[in-house]
Amino acid sequence: MEKINLKDFISVQDDEQIKKELFLEVKKDPIIFQRMLDIGLNEGDIFSNIAKISEYQEDYHYCQNCPGLDNCHKKNPHLELTLSYENGELVREFSPCKIIRENIDKNKNYLYRDFDEDILDSNIDFYEERRNVINAFSKVIILNKNSWFYLYGPINSGKSFLAAHLAKTYIAKTNREVAFIDAINRIKELADLYFEDREKFDREFNSLTKISLLIIDNFGSEYHSDFIRDTILYPLLYQRYKNNKTTIFVSDFALKDLNLLYASKTRDGYLKSRQFVDLIKGKVQEFNLETILFK
């Protein structure tokens, strides 16, 4: 006769007791219990799979009281556990959590998004100057027109914040792609690519010429050279001008300052500079946001 191991017996008994306690916790949880019934389980199935279901219950309630991405201390951070019942088996699956999915959705229409993520959830104060820009831009969307806007003002006048709001509005209304680029960094990147990887340069450059809405933040604050003006900026803007693509400039400098800003010492450079500035001036609506700073 086989000898009974008392430890194994006690272990089995304890295990059954734990399963009963977990089952009662699930049954007292109307949301989780109903979800299990909805996917096709009965009470016997729930008891048989109580370990998986209890794990799902803990995961679900942790996410319902989400502490934020930076403070997520789950065993599988930023992932959401789901259960499905297939061919008599309870299957566990992990997928990106709700906040991750929302962030993906927020960014899916941006080719580039050179502004902080918290701006995506920020509200804007509708000062008169901002209202004028927003109203003009709304007409562009409603009439499906393609216009150029030039927003300028001193640092802290909120012009970049306003441009980010226009980008969000454009995506929400049209579901088209937007590139919001910081000229200080992106133009330098393009200039470097021109010499280091011409194929990648052509790919990035062509994307910017064709995208539905291009917003160039810190325009005029990028590094200046005849090469950048004549090989990158002018061809980029000329292609957008020719293809009638909506473009927004955000700058610390007024339009009247551009001639001096992009001037060149040589006669040839001077003529190309004037050609470049005239291209912009002939297309844009200019908006001065300076007074917002003092409100």
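Given Cα pairs under 8 Å that are at least 6 residues apart, what percent is the relative contact order of the chain?
Working: 335 pairs, mean separation 53.4, N = 295.
Over the chain, the number comes to 18 percent.
What angle, in degrees between 0 and 90 and rounded to the nearest 10, separates the Cα long axis of helix 198-210 from the longest principal axis of the Cα atoms of the chain?
Helix 198-210 sits roughly 80 degrees off the main axis of the chain.
Put Arg267, Arg131, Arg240 in order of accessible area, largest first, 1.4 Å probe: what do you get?
On the way: Arg267 180, Arg131 105, Arg240 0 Å².
Per-residue accessible area, sorted high to low, gives Arg267, Arg131, Arg240.
Please work out how much accessible surface Ile184 shows to a 1.4 Å probe, ignoring ligands, DNA and RNA, in Å² rounded to 10.
Probe radius 1.4 Å; accessible area of Ile184 about 80 Å².
Once R0 is set to 30 Å, what does the formula 1/(1 + (r/R0)^6) return for the Cβ-Cβ distance between Ala263 and Asn206, expressed as a FRET efficiency to the nearest 0.05?
Numbers: r = 29 Å, r/R0 = 0.96.
For Ala263 and Asn206, the calculated efficiency is 0.55.
Tell me the accessible surface of Thr174 in square angstrom (1.4 angstrom probe, heavy atoms of protein chains only), to the nearest ten.
40 Å²
Is there a pair in Lys139/Lys281; Lys173/Lys256; Lys173/Lys242; Lys210/Lys283; Lys200/Lys283 whose C-alpha atoms are over 27 Å apart, and which pairs would that be?
Numbers: Lys139/Lys281 20 Å; Lys173/Lys256 33 Å; Lys173/Lys242 24 Å; Lys210/Lys283 17 Å; Lys200/Lys283 29 Å.
Pairs exceeding 27 Å: Lys173/Lys256; Lys200/Lys283.
Work out the FRET efficiency for Asp116 and Glu93 from their Cβ-Cβ distance, taking R0 = 25 Å, and round it to the nearest 0.05. Can you show the working numbers first?
Working: r = 33 Å, r/R0 = 1.31.
That gives a FRET efficiency of 0.15.
FRET efficiency for Asn65 and Lys28, Cβ-Cβ distance as r, R0 = 22 Å, nearest 0.05?
Numbers: r = 18 Å, r/R0 = 0.82.
That pair, Asn65 with Lys28, gives E of 0.75.
For Arg198 and Asn175 in one chain, what is 0.36 nm times their gap in residues minus the Cα-Cα distance, to one decimal in nm? Let's see the in-between values first.
On the way: separation 23, 0.36 × 23 = 8.28 nm, distance 3.07 nm.
Net length gain for the segment: 5.2 nm.
Between 0 and 90 degrees, rounded to the nearest ten: what's the tilt of helix 50-64 against the longest Cα principal axis of the chain?
Between helix and principal axis, roughly 30 degrees.
Based on the Cα atoms of the range 59-123, what semi-axes does the equivalent ellipsoid have, where each is the square root of 5 times one gyration tensor eigenvalue, given in whole Å with the largest first? Don't skip to the end; give the middle numbers.
On the way: eigenvalues 170, 47, 16 Å².
Semi-axes, largest first: 29, 15, 9 Å.
Long-range amide H contacts for Phe149: which residues qualify at under 5 Å (H placed 1.01 Å from N, peptide plane, sequence gap of 5 or more or a different chain)?
Amide H neighbours of Phe149: Thr247, Ile248, Phe249, Gln285.
With all protein chains present, calculate the accessible area of Lys139 using a 1.4 Å probe and round the result to the nearest 10 Å².
Rounded to the nearest 10, the figure is 130 Å².
Which order do Arg203, Arg176 take when ranked by solvent-accessible area (1.4 Å probe, heavy atoms of all protein chains), largest first? Don't skip to the answer; put the middle values down first.
Working: Arg203 125, Arg176 90 Å².
Output order, biggest surface exposure first: Arg203, Arg176.
What is the distance in Å between the Cα centroid of the range 24-55 and that of the range 115-169?
50 Å
Between Ala51 and Phe126, what is the label-to-label distance in nm when each label sits 7 Å out along the Cα-to-Cβ direction?
5.8 nm
Near Lys27, which lysines are there with a Cα under 19 Å away, not counting those fewer than 8 places off in the same chain?
Once the sequence-local lysines are set aside, what remains near Lys27 is Lys19, Lys52.
Give me the number: length gained by fully extending Asp15 to Lys256, i.e. 0.36 nm times residue separation minus the C-alpha to C-alpha distance, one decimal in nm. Don't jump to the answer; show the numbers that get you there.
Numbers: separation 241, 0.36 × 241 = 86.76 nm, distance 8.02 nm.
Extra length available between Asp15 and Lys256 comes to 78.7 nm.
Based on DSSP H runs of at least 4 residues, each adding -39500 (n - 2.57), what is the mean residue ellipticity at 222 nm of the chain after dividing by all its residues, to the nearest 500 deg cm²/dmol?
Values: 12 runs with 148 residues, N = 295.
Helix contribution divided over all residues of the chain: -15500 deg cm²/dmol.
Compute the long axis of helix 128-142 from its Cα atoms, compare it with the longest principal axis of the Cα atoms of the chain, and write down the angle in degrees, 0 to 90, nearest 10.
80 degrees
Which order do His165, His224 take when ranked by solvent-accessible area (1.4 Å probe, heavy atoms of all protein chains), largest first? Mind dumping the intermediate values first?
On the way: His165 40, His224 65 Å².
Sorted descending by solvent-accessible area, the residues read His224, His165.
The values are calculated or read from the model by the stated rules, or taken from the named source; none is laboratory data. Note that the coordinates shown come from a computational prediction; the quantities given were computed from them, not determined experimentally. Note that we place each Cβ from the backbone using ideal geometry, even for glycine, and neighbour counts take in every protein chain shown. Areas reflect the complete protein model, heavy atoms only, side chains present, ligands, DNA and RNA absent. Shrake-Rupley method; radii C 1.70, N 1.55, O 1.52, S 1.80 Å.
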